Amino acid sequence: MAKNLKITQVKSVIGSPQTQRDTMSSLGLKKIRQSVVHPDNPAVRGQVHKVRHLVTVEEID
């Protein structure tokens, strides 16, 4: 089975560098407590790693 990642924004991007804001936007996150589901691959993992202090991540099937 393919794994997916449920990514939820838990902190605001106010005061964050523009690169982190762009990463959050590319993940599809705009508001606090908003969640998105992405496939578990190295590209998404890299984006999550860049903004790990702003999001929580869960593995789902």
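At-a-glance table
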read-out	value
Surface share of carbon and sulfur [accessible, 1.4 angstrom probe, percent] for segment 4-60	53
Inter-label distance, nm, simple model (7 Å from Cα along the C-beta direction), Thr8/Ser26	2.5
For the chain, Kirkwood radius (reciprocal of mean inverse C-alpha pair distance, Å)	11.5
List Ile7, Ile14, Ile32, ordered by accessible area with a 1.4 Å probe, largest first	Ile14, Ile32, Ile7
Accessible area of the chain divided out per residue, in Å², using a probe of 1.4 angstrom	68
Helical contribution to [θ] at 222 nm, DSSP H n ≥ 4, -39,500 (n - 2.57), averaged over the chain, rounded to 500	-9000 deg cm²/dmol
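The values are calculated or read from the model by the stated rules, or taken from the named source; none is laboratory data. Bear in mind that the values here come from a model prediction, so they are computed numbers and not experimental data. No Cβ is skipped: glycine too gets one built from the backbone with ideal geometry, and neighbour counts run over all protein chains shown. Ligands, DNA and RNA are excluded from the accessible area calculation, which covers all protein heavy atoms including side chains. Shrake-Rupley method; radii C 1.70, N 1.55, O 1.52, S 1.80 Å.
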